[in-house]
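Enquirer: Pasting in a structure now, in structure tokens, and then I'll have a few things to ask.
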Amino acid sequence: MYTVPQRIQILKFVGEQGIVSVADICRHLFQSDKFHTVRSTLYHLGVSHIRYNNIYGGLWYIENPKLYELLASYYPNLADFEVIPILGHLIPHYLGLNRIRSTFEFSKQITIDEWWSEHYIRVLPAVLRMRECTPKIPDAIFWRKKQDGSRQKFFLEYERSLKNMTRYEEIFSSYSKRPEVHGRNVIYLCDTSKIREELLRIEARLAQTGRIDKAGECFQFLTLENFYKNYENTSLQKQEGTNEINQTVVQSTSV
């Protein structure tokens, strides 16, 4: 048994998330004082970077396939990552997911046992990819470790803006038919309360028309603001949305 070098842990996070800031990596490593060390490590590894708005240190992503070969030498069971193009309009979405992941992973209110980012899911073997992700690839899939040692699976969607309503109807209906979706384990983190309220209305309408069995069975809709209040600040305040995931956690720990 050996310890994976921190530079490889850094590279793995970049590979899994697609595009990251130095601050994202420091948050992921839980070492906020290592900014310059992390940036130097990225340079020495040959990770590509671009300037972006006012983000100190810029953004970093893997453009050289040999870096994925290096990752595979330490993680032989890791999925075969591919170099992906950086789409400028999706950068805020990527950065939001980076922070969401780190918030979950370091929260005292939940123990994350495994995390699959969208980039990771997309390169899983074809059979597994079809089983887990058809027809909508989630923004992430993660497993929470319960007190009895078993695991609970969650699907995560981060909504920065509203999609076409017909598209939501297709996605909600598809999720509700998956055998692994139950106990409100599809989590929608919504950038605004307006988005959350609209998604709740769509869910209610689908339940009324029989497109899904019942509202409140498959989905949780949380505002991003209250998610951070609940998971970055471990107080147990009862606010809109802040205790919804915890309710699922409490209910499932006795199972």
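Enquirer: Of all the accessible heavy-atom surface of the chain, with the other protein chains kept in place and a 1.4 Å probe, what percent is carbon and sulfur? If you can, show how the numbers build up before the last one.
Expert: Numbers: 6610 of 13080 Å².
The value for the chain is 51 percent carbon and sulfur by accessible area.
Enquirer: I've got another one for you. Based on alpha-carbon positions alone, could you give the equivalent ellipsoid semi-axes of the stretch 94-224 from the gyration tensor, as √(5λ), descending, whole Å?
Expert: 23, 17, 16
Enquirer: Pick out, in residue order, every one of the GluC sites (Glu not before Pro) in the stretch 7-116 that is DSSP loop and has at most 12 other C-beta atoms within 10 Å; say none if there are none.
Expert: Passing both the DSSP loop test and the Cβ count: 82.
Enquirer: Hey, another quick one. At 1.4 Å probe size, with every protein chain present, just tell me what the per residue accessible area of the chain comes to in Å². Working shown, then result.
Expert: Working: 13080 Å² over 255 residues.
Heavy-atom accessible area per residue stands at 51 Å².
Enquirer: May I pose another question? For the stretch 77-183, what is the number of Lys pairs with C-alpha distance below 17 angstrom, counting only pairs 8 or more positions apart or on separate chains?
Expert: Numbers: 108/145; 108/146; 136/153; 136/163; 136/177; 145/153; 153/177.
So the count works out to 7.
Enquirer: Give the aspartates and glutamates reachable from residue 229 as a straight Cα distance under 18 Å; neighbours fewer than 8 places away on the same chain don't count.
Expert: Partners found: 105, 159, 191, 240, 244.
Enquirer: Now for a separate question. Given the chain, what percent of its DSSP beta bridges are antiparallel, to the nearest 5?
Expert: Details: 16 of 26 bridges.
The antiparallel fraction comes to roughly 60 percent.
Enquirer: Can you list the equivalent-ellipsoid semi-axes of the chain, largest first and in whole Å, using the square root of 5 times each Cα gyration tensor eigenvalue? Working shown, then result.
Expert: Details: eigenvalues 197, 80, 74 Å².
Equivalent-ellipsoid dimensions as semi-axes: 31, 20, 19 Å.
Enquirer: Considering only 179, 65, 85, give the residue with the highest GNM mean-square fluctuation for the chain, with springs between Cα atoms whenever their separation is below 10 Å.
Expert: Fluctuation is largest for 179.
Enquirer: Say R0 is 35 Å: what FRET efficiency, to the nearest 0.05, do residue 178 and residue 54 get from their beta-carbon distance? Could the numbers behind the result be given before it?
Expert: Working: r = 41 Å, r/R0 = 1.16.
E between residue 178 and residue 54, to the nearest 0.05, is 0.30.
Enquirer: Just to check I understand the Karplus step: with θ = phi - 60° and J = 6.51 cos²θ - 1.76 cosθ + 1.60, what whole-Hz values come out for the stretch 205-216, glycine and proline as x?
Expert: After applying 6.51 cos²θ - 1.76 cosθ + 1.60, I find 5, 5, 5, 5, 8, x, 6, 10, 5, 7, 5, x Hz.
Enquirer: Determine which lysines satisfy two conditions relative to residue 66: a Cα distance under 21 Å, and not lying fewer than 8 residues away in the same chain.
Expert: 12
Enquirer: Evaluate the charge dipole of the stretch 142-203 about its Cα centre and quote only its size in Debye, nearest 20, assuming +1 on the Cβ of each Lys and Arg and -1 on the Cβ of each Asp and Glu.
Expert: Details: 14 positive and 10 negative charges, 61 e Å.
Using only the charged Cβ atoms, the result is roughly 300 debye.
Enquirer: Under 5 Å between amide H atoms, partner at least 5 residues away or on a different chain: which partners does residue 212 have, H built in plane at 1.01 Å?
Expert: 207
Enquirer: For the stretch 1-105, which chymotrypsin sites (Phe, Trp or Tyr not before Pro) are in a loop by DSSP, counting at most 10 other Cβ atoms within 10 Å? Write down the numbers at each step before the final one.
Expert: Details: sites: 2, 13, 30, 35, 43, 52, 56, 60, 61, 68, 74, 81, 94, 104; in loops: 2, 30, 52, 56, 81.
Answer in residue order: 2, 30, 56.
Enquirer: Counting only helical runs of four or more DSSP H residues, what would the 222 nm mean residue ellipticity of the chain come to if each run contributes -39,500 (n - 2.57) and the total is spread over all its residues? Intermediate results must be reported in sequence, preceding the final value.
Expert: Values: 11 runs with 117 residues, N = 255.
Taken over the chain, the calculation gives -13500 deg cm²/dmol.
Enquirer: If you take the charge dipole of the stretch 1-74 about its Cα centre, with +1 on Lys and Arg Cβ and -1 on Asp and Glu Cβ, which of 4, 50, 36 is farthest toward its positive end?
Expert: Of the candidates, 36 comes out farthest on the positive side.
The values are calculated or read from the model by the stated rules, or taken from the named source; none is laboratory data. Nothing here was measured: the structure is a model prediction, and the numbers come from that model. Note that we place each Cβ from the backbone using ideal geometry, even for glycine, and neighbour counts take in every protein chain shown. Accessible surface is based on the protein model in full, side chains and every heavy atom, while ligands, DNA and RNA are left aside. Shrake-Rupley method; radii C 1.70, N 1.55, O 1.52, S 1.80 Å.
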